Amino acid sequence: MAQSNAAGEIPIWARPEPAGRRPRFSRDQIAAAALAIADAEGFEAVSMRKIAAALGAGTMSLYRYIATKADLMALLDDALLGEALVPESEMPADWRDALATVASRTRATLLRHTWAVHALHGPSGAQNEQPGPNGLRHFEQSLAALDGAPLDAQAKADLLAIVDDYVIGHALQAGELITRFRTTQAMPGPMTEEFTASQLASGDYPHVRALLTGPAAPSLIDPGRLEQRFESGLRLLIDGFAAQQGPPRQRD
């Protein structure tokens, strides 16, 4: 599969799906199959051959639907953003609560697919592609959450960008910690533990030793604690941003 769209190629969202009265597959089905492979085996395992096998199709037939790696990544990114959409019945009336709900739902989606931040938001990710249908819906929902906020258009855009950075940064770190925790639980590493213990016993890291070995040693990777820390930080971020804003600037 080609790594990226050729110069000037129309984004996948601007191209019609394959013609025919009854296309065998939809883009949603292809994205769902790719997501399942990435969740089970890691993003590196996703290939046209495996997607085709999961769908019971021939590999070459899928090129009628997606021609490049950029197309596939755009489909995956849009599928995840669709999963992150908050049902309207669950959207709070208060703008702070609404924005926090959107952010929390997005976080939960990224942590269900711990490969996604690296694969889709890294240097070769799809974050710079034109947004797909779910991407636009997610953006619209985020703006709708701020509809009642006493912020002008620029402040709303800044706040959404800041919250987005916070969510992605948290998901990146939390995903790595959770993955590491699961790995060490399944395969304990006595050599690693012995090395760490010897370093702490050396006296070179008194503050680290006090934190990790004291009677009230905190849990750094407990998933429940990670979520609590995320929610607390998110509220501080939103409330702090709102507090530093003056009245919305009026247009001349």
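Every number here is computed from the coordinates shown, using simple stated rules; none is lab data. This is a predicted model, so every value here is computed, not measured. Positions of Cβ are backbone-derived with ideal geometry, glycine not excepted, and every protein chain shown enters the neighbour counts.
For the pair ALA144 and SER26, label points projected 7 Å from Cα toward Cβ lie 2.0 nm apart. Subtracting the Cα-Cα distance of LEU177 and ALA242 from their residue separation scaled by 0.36 nm leaves 20.3 nm.
With a Förster radius of 41 Å applied to the beta-carbon distance between ARG225 and GLN130, the computed FRET efficiency rounds to 0.60.
With the simple spin-label model, which puts each label point 7 Å out from Cα in the Cβ direction, the SER202 to ILE10 separation comes to 6.2 nm.
One chain, two ends: GLU44 and GLU17. Fully extended at 0.36 nm per residue, the span grows by 7.1 nm beyond their Cα-Cα distance.
With a sphere of radius 13 Å drawn around the Cβ of GLU83, what net charge do the other residues whose Cβ falls strictly inside it have (Lys, Arg +1; Asp, Glu -1)?
Numbers: positive: ARG105, ARG107, ARG112, ARG137; negative: ASP28, ASP39, ASP77, ASP78.
Result for the local shell: 0.
Each of GLN154 and ALA108 was given a label point 7 Å from its Cα along the Cα-to-Cβ line. The distance between the two points is 3.6 nm.
Give me D for region 12-81 in µm² s⁻¹, whole number, from Stokes-Einstein with Rh from the Kirkwood sum over alpha-carbon pairs, 20 °C and 1.002 mPa s. The estimated diffusion coefficient comes to 175 µm²/s.
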